[in-house]
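J.: Below you'll find the structure I mean.
Values quoted throughout were computed directly from the atomic coordinates according to the rules given, and no laboratory measurement underlies them. Small disclaimer: the values here were computed from a predicted structure and weren't measured. Virtual Cβ from ideal backbone geometry, glycine too; neighbours counted across all protein chains shown.
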Amino acid sequence: MAKFNLSAIERHIRHHHPGCPDFAVTYFTQGIAGKDWLNASLGQAVGITMQTFLRHEMTDYDTLLLHGVDRSEARRRVQPRVAAMLNSWKSSRSRSAHPANLESKNMESVITYNHDEHISGSDTVQALTSDEVTEEASEPPRQKPVGMTFNMERDWHTKFKMTAVSRGMDMRQLLIESFAAWEREQK
């Protein structure tokens, strides 16, 4: 069984996924470091972890399963969206110096990892390694962030986040653009 070092995981994610938000880098790093990985490279562990999170939290994968769609078919249907979200993390973005200003506190409640779980390299059959997806995305320069806190229904939050990530944006950027569109509409 292999356990990966926190700093090695973080370096790998920041190198191969420079657009991944700081709060997500921390979240994925801790999740990967807390598991035993059988026959999996670090790239595979990162790929499995990111894809699993995105598939379950950012797509309708679980809903498809609940409606009787076969697991392999559900994965096939959501994989393009998962790949698009991974693609959006492949290019550099400016990072917030204060990840707490992002959504890191909510991330903890989304998925908890079973630290005793053992993951086999054979679980990577349908998972891409973190090196396999590339595409460019850009983000405008940021002003100094100020914290905003409000709660939304989980389904709305997931849809909003999925929309942002699938367009290569973070939720903050989508909120800013949505507000700007609303302001234009009001004139």
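J.: I'd like the Karplus ³J(HN,Hα) series for the stretch 163-179: coefficients 6.51, -1.76, 1.60, θ = phi - 60°, whole numbers in Hz, and an x wherever there's a Gly or Pro.
T.: 4, 4, 5, 5, 9, x, 10, 9, 5, 4, 5, 5, 4, 4, 5, 5, 5
J.: On to the next question. Arrange THR29, THR149, THR158 by Cβ neighbour counts within 10 Å, fewest through most, would you?
T.: In order of increasing Cβ crowding within 10 Å: THR149, THR158, THR29.
J.: Another question, if that's okay. Quick one: which residues, 5+ away or cross-chain, put their amide H under 5 Å from the amide H of LYS90? H built at 1.01 Å from N.
T.: GLY19, GLU135
J.: Could I ask something else about it? Return the long-range amide H neighbours of LEU38 (sequence gap of 5 or more, or a different chain), with a cut-off of under 5 Å between placed amide H atoms.
T.: Result for LEU38 returns ALA2, ILE119, SER120, GLY121.
J.: With respect to the cross-link table entries LYS35/LYS161; LYS3/LYS161; LYS3/LYS159, which display a Cα-Cα separation exceeding 29 Å?
T.: LYS3/LYS161; LYS3/LYS159
J.: What list do you get for PHE23, PHE179, PHE160 if you sort them by fewest beta carbons within 10 Å?
T.: Listed from fewest to most nearby Cβ atoms, that is PHE179, PHE160, PHE23.
J.: With a 10 Å Cβ neighbour count serving as the proxy for reagent exposure, in which order, fewest first, do VAL69, VAL78, VAL46 appear?
T.: VAL69, VAL78, VAL46
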